[in-house]
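Have a look at the structure below, then the notes.
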Amino acid sequence: MMSRLEGGRRLWWRTISGMLTGLALAASAIAAASADPSKAPASLHLERRTLPELRDMLDRGEVTSEQLTRFYLARIGTLDDQGPTINAMLDLAPGAIARARELDRHRDDGDHGPLYGIPFVVKDNTDVKGLPTSGGSMVLSHAYPQDSAHVVRRLERAGAVLLGKTNMTEFAASYGDAGYSSRGGVTRNPWRLDRSVLGSSSGSAAAVAAGFAPFALGTDTEGSVRGPAHAAGLVAMRPTLGRVSRDGIIPLAMSFDTPAPMTRTVQGNAWVLDAMAGRDDADEVTWFNDTAPLEGLESLAVPASQTPLEGLRVGIIEHREAGNTEIETHFARALKRLEALGATSVKVTLDKHYLDLWPGVVGPVHQAEFQPQLERYLRQFDDGEPHTLKEIMERCEALNQHAGEHPPVTPGRIRGMQYRLNKRLEGSSEYLDVISRRIPELREHLSQFMASNRLDALIFPTEACPAPPLKAGEHSDHECTASEPFALGYIASATGFPELTMPMGMTRAGVPINVSLLGGERQEAALYRLGLAFMQDVDDDDVLGLPAMAPLEPSSANP
């Protein structure tokens, strides 16, 4: 099998291999390293710490940013390319340790935000200066952007430490092979290695679930963050379209594209979104004003009450397609939990077109926008790199021709590229009708629907089915009868409204399942407050029964 370590990463990895080997998570190695002040003691169990916990530990001086950075790099070295081979990472940032050390030196210079000194990873469709932006494709493995994406620059200005870039579904379109890329191979689900972590932000989700970083940046077009968060048991927010800039990100369909944060807690997710959000002149869709931040995200709090959600109303969507009995059981329990917290749940009936948005809205926009928007993005690269979809397809075909029995590029992906080349869709009457009429009508209608029913959010299982096996039909313990497991997720994509997804339980097969809250336009703060109350004190909760994190150890064997 072809190695995933490209030339730059291979050279850098060899340079620091001695340092990382000494930091391996095997108990004997950690014990030997604990005397070194640059290395965190094993007793801190950093892999289990959430972003807010790490924030407190940094503030109290129990750990330094350099120690955190070294720890996560060591864990990546032990579990990603070795051991269980999660395949979450593609490239590591060579300056991560030096940056963390510099932040430690200035920690006492003034007030810092909650992300100061916190490591993170970012999906490989997002520009980072000095690292290639390949979109998971071997044909772009040497495509170096001129600058970092706007959202990466904002996170770094907030003091976050970039560890590296994550694997993803190639060009963010699965064609039946979610979580696979020609450059990175298939990303495994840390909860169960023979299960998918879905896509396309596969590596970002797996990295957080595996304890490679406390938060990750993904991108969501048609569920590319929410699906992987569901499969990995994470908190993720698809924000209102325009709250976060898309500049410096390989587009899929910019009518729907948005960066989105992935964490293990609601408070941590709110912190990351707060740092990400901001007006950007390079992205005319952005509307957010830096002088009016998301109110109250710095320190979300649940009221000191047995019923902190009293007065809030959530709508339960009737006539949705169920696909798994365990998900339905856990969803019923989640509703009882919200009601016990004081929320009122009401059954609501959406117009039937909300339950089938792919063929009439999402699909046509995706098909029309991908090629022209991708080609505009590719203009920034040097002459030796592909600048058109046709060039990319031709190079993918050449790779496959020279690969023998194991072509690196999914054949279905090449066929999809050919379809777009043969059928230019961006000026079609169908596309123009969706953009100018259907989408605005959906937004207006849903806003009025929620207002007339006095709803603070709509609630539904994030996906109708749990994470599937990596190989179709491989396991008898996977139940999925839904024809479109993500049907309701397209509502947020089509309208641009925010959706928060968070864990609601575990299946008997050992994979997490999530519940979603869909809010009105620009109502992220309200969703976070609902989510914070729902997720508080769930570690030992009899209803949710959520483990702290994926039970992943360095000795884990491949399935």
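The values are calculated or read from the model by the stated rules, or taken from the named source; none is laboratory data. Owing to the predicted nature of the structure, the values given are computational and were not obtained by experimental measurement. Backbone-built Cβ (ideal geometry, glycine too); neighbour counts: all protein chains shown. Surface areas here come from the heavy atoms of the whole protein model, side chains and all, with no ligands, DNA or RNA. Shrake-Rupley method; radii C 1.70, N 1.55, O 1.52, S 1.80 Å.
Overall size of the stretch 32-123 from C-alpha positions, given as principal axis extents largest first: 41, 31, 23 Å. Distance from the Cα centroid of the stretch 173-200 to that of the stretch 82-115 is 25 Å (rounded to whole angstrom).
At q = 0.12, 0.14, 0.16, 0.18 Å⁻¹, work out log10 I(q)/I(0) for the stretch 45-195 with the Debye formula, treating every Cα as an identical point scatterer and leaving solvent out; two decimals please. Normalising to I(0) and taking log10 leaves -0.54, -0.73, -0.92, -1.11. Placing a label point 7 Å from the Cα of Leu421 along the Cα-to-Cβ direction, the residues of the stretch 378-404 with a backbone N closer than 19 Å are 378-379, 384-403.
With q set to 0.23, 0.29, 0.30, 0.31 Å⁻¹, the log10 of I(q)/I(0) for the stretch 122-162, from the Debye formula over equal scatterers at the Cα positions, is -0.70, -0.96, -1.01, -1.04. Shown is the FRET efficiency for Glu310 and Ala451, computed with R0 = 30 Å from the Cβ-Cβ distance and rounded to the nearest 0.05: 0.90.
Relative to the current alpha-carbon distance between Glu62 and Arg48, full extension at 0.36 nm per residue lengthens the span by 3.5 nm. When the convex hull of its Cα atoms is viewed from all sides, the chain shows a mean projected area of 24.4 nm². Along its first, second and third principal axes, ordered by size, the stretch 418-491 spans 47, 45, 14 Å in Cα coordinates. Of the solvent-accessible surface of the stretch 338-430, computed with a 1.4 Å probe and all protein chains present, 48% belongs to carbon and sulfur. Taking every Cα-Cα distance in the stretch 70-147 and sorting them into 10 Å bins starting at zero, the pair-distance distribution P(r) comes out as 15, 38, 34, 11, 1 percent. What shape does the stretch 384-468 have by the C-alpha gyration tensor, where a ≥ b ≥ c are the square roots of the eigenvalues, rounded means a/c under 1.5, and otherwise prolate means a/b greater than b/c and oblate the rest? Oblate, since a/c reaches 1.5 and b/c is not below a/b. The calculated Kirkwood hydrodynamic radius for the stretch 126-237 is 14.1 Å, given to one decimal from all distinct C-alpha pairs. Across the stretch 186-241 the C-alpha pair distances fall into 5 Å bins from zero in the proportions 4, 25, 35, 23, 10, 3, 1 percent. A cut-off under 12 angstrom between Cβ atoms defines the neighbours of Val285, and their net charge, with Lys, Arg +1 and Asp, Glu -1, is -3. Rounded to the nearest percent, how much of the accessible area of the stretch 208-259 (1.4 Å probe, protein heavy atoms only) is carbon and sulfur? Of the solvent-accessible surface of the stretch 208-259, carbon and sulfur hold 47 percent. Using the Kirkwood formula on the Cα atoms of the stretch 254-377, what hydrodynamic radius do you get, in angstrom to one decimal? Taking every pair of different Cα atoms in the stretch 254-377, averaging 1/r and inverting gives 18.7 Å. With both labels modelled 7 Å from their Cα along Cα-to-Cβ, the Cys480 to Ala301 distance reads 4.3 nm. Using R0 = 60 Å, the C-beta based FRET efficiency linking Glu405 and Gln536 works out to 0.70.
Set against the 2.2 N^0.38 Å expectation for a compact globular protein, the stretch 337-430 has a Cα radius of gyration ratio of 1.69.
The residues of the stretch 299-384 expose, per residue, 49 Å² of accessible area to a 1.4 Å probe.
Across all C-alpha atoms in the stretch 381-427, the radius of gyration and Dmax reach 12.1, 39 Å.
Computed over neighbours whose Cβ is under 14 Å from that of Val361, the net charge equals -4, Lys and Arg +1, Asp and Glu -1. Ignoring lysines fewer than eight residues from Lys347 along the same chain, the ones with Cα atoms less than 26 angstrom from its Cα are Lys336.
Projected label points at His142 and Ala472, each 7 Å from Cα along the beta carbon direction, are separated by 3.6 nanometres. Straight Cα distances below 22 angstrom link Lys423 to the lysines Lys390, with same-chain residues fewer than 8 positions distant left out. The alpha carbon radius of gyration of the stretch 151-191, expressed as a multiple of 2.2 N^0.38 Å, is 1.51.
The residues packed around His106, meaning those with a beta-carbon under 15 Å from its beta-carbon, carry a net charge of -3 if Lys and Arg are +1 and Asp and Glu are -1. The stretch 407-431 and the stretch 509-530 have Cα centres spaced 33 Å apart.
A Cβ-based charge dipole, computed about the Cα centre of the chain with Lys and Arg at +1 and Asp and Glu at -1, lands at about 580 debye. Full extension of the segment from Asp356 to Gln380, taken as 0.36 nm per residue of separation minus the current Cα-Cα distance, would add 4.9 nm. Here, the stretch 66-105 has an Rg and a Dmax of 11.4, 36 Å when only alpha carbons are counted. Lys129 contributes about 130 Å² of solvent-accessible surface, heavy atoms of the protein only, 1.4 Å probe.
Projecting label points 7 angstrom from Cα along Cα→Cβ for Asp281 and Glu321 puts them 4.7 nm apart.
Peptides 146-157, 309-320, 65-76 ordered by packing proxy, namely the average of other Cβ atoms within 10 Å per residue, highest first: 65-76, 146-157, 309-320. Sorting the segments 525-534, 479-488, 383-392 by their mean number of nearby beta carbons within 10 angstrom, highest to lowest, gives 525-534, 479-488, 383-392. Computed across the stretch 202-295, the Kirkwood radius stands at 13.4 Å (inverse of mean 1/r, all Cα pairs). Of the peptides 164-171, 196-203, 42-49, 215-222, the order by per-residue mean of other Cβ atoms within 10 Å, starting with the highest, comes out as 196-203, 164-171, 215-222, 42-49. The alpha carbons of the stretch 451-519 give a radius of gyration and a Dmax of 14.2, 46 Å, in that order.
The P(r) of the stretch 322-361 has a tail past 12 Å containing 71 percent of all C-alpha pairs. Isolated cysteines of the chain, defined as having no other cysteine beta carbon under 4.7 Å away, are Cys396. For the set Lys352/Lys471; Lys165/Lys471; Lys39/Lys165, the pairs lying more than 30 angstrom apart at their alpha carbons are Lys352/Lys471. Averaged over its residues, the stretch 391-526 has an accessible area of 45 Å² per residue, based on protein heavy atoms and a 1.4 Å probe.
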